[in-house]
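Novice: Dropping the structure in here first, questions after.
The values are calculated or read from the model by the stated rules, or taken from the named source; none is laboratory data. Small disclaimer: the values here were computed from a predicted structure and weren't measured. With ideal geometry, Cβ positions are generated from the backbone for all residues, glycine too; neighbour counts draw on all protein chains shown. Ligands, DNA and RNA are excluded from the accessible area calculation, which covers all protein heavy atoms including side chains. Shrake-Rupley method; radii C 1.70, N 1.55, O 1.52, S 1.80 Å.
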Amino acid sequence: MTANFDLSKEQYRDSSRLSARAQIYRYSTNPQPWFNWVADNIKIDLGSRVLELGCGTGALWKHLLGTLPEDADVVLSDLSPGMLQEARQDLSSDDPRFSYRIIDAMDIPYEAGTFQVVIANHMLYHVPDLDVALSEFCRVLQPGGVLYATTVGNRHLADIKEWLQEFDSRLVIDSLLLSPFTLENCQDSLLRHFEDVEVRLFPN
């Protein structure tokens with residue numbers, strides 16, 4: 001859990017560093033914005049209870065609001081109080097469908113079978129123990145519930161990392177190559193906990 005709290009205090013204390021890093025995606029080769037694509041792939045039925053882990057600023061929900069049922073119950077959670085506060089400010093604070101809570105993905109404070117949908121958007125590669133987190137996701141999902149999890153591939157931003165190494169070989173570039181949750185290995189990780197796994201690709 002230490003690694004997660006370090007991230008929440010430094011890189012994810014608020015959205016400033018995340019927003020700065022996100023500027024690189026202006027150069028995406030896919031004309032469809034990322035959040036639009038994710039939102040198009042998420043299905044939330046009437047009366048669903050939904051939990052998002054690592055919600056950040058809640059940006060995904062700006063793209064889901066138009067299709068979110070009026071009786072949905074959505075818990076937005078993050079380890080960072082700063083990020084969670086920004087999510088509360090960016091979304092309508094009086095929207096009764098949303099509540100906000102600081103939650104560790106490896107220790108979710110809800111009873112078994114509470115949710116129909118769990119969302120983990122670009123956050124599972126930060127979790128210190130992936131299997132513990134996925135076990136928790138399974139526990140809080142109802143039978144037949146769905147986890148939507150996104151990640152990147154091993155070659156994510158590889159050109160930029162190579163350019164930085166050429167600029168200064170002393171630079172230590174963070175790599176997801178050893179992460180237990182990348183595009184290349186996520187299916188194996190998920191199949192240890194879920195019966196059916198479908199991988200959908202966002203070409204970019």
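Novice: Would you check which residues across segment 1-60 are modelled with pLDDT of 70 or more, closer than 15 Å to residue 123 by Cα and of a type in the set (Ser, Thr, Tyr) and list them?
Specialist: Across segment 1-60, the qualifying residue is only 57.
Novice: While we're looking at this one, here's another question. Would you pick out the residues in segment 115-170 that are acidic (Asp, Glu) and open to solvent by 50 Å² or more (accessible area, probe 1.4 Å)?
Specialist: 129, 131, 159, 162, 166
Novice: Being in a loop (DSSP other than H, G, I, E, B) and either modelled with pLDDT under 95 or under 16 Å from the mean Cα position of the chain (by Cα) (or both) is the filter here; which residues of segment 100-146 pass it?
Specialist: Correct list: 103, 105, 106, 108, 122, 123, 127, 128, 129.
Novice: If residue 62 satisfies all but one of (1) surrounded by fewer than 15 Cβ atoms within 10 Å (Cβ to Cβ); (2) in contact with a Ser or Thr (Cβ under 7 Å, 6 or more places away or on another chain), what's the number of the condition it fails?
Specialist: (2)
Novice: Return the pair list, or none, for Cβ contacts closer than 6 Å from residues in segment 67-96 that are more than 16 Å from residue 51 (Cβ to Cβ) to residues that are surrounded by fewer than 21 Cβ atoms within 10 Å (Cβ to Cβ) and basic (Lys, Arg), at least 6 apart or on different chains.
Specialist: 82/13
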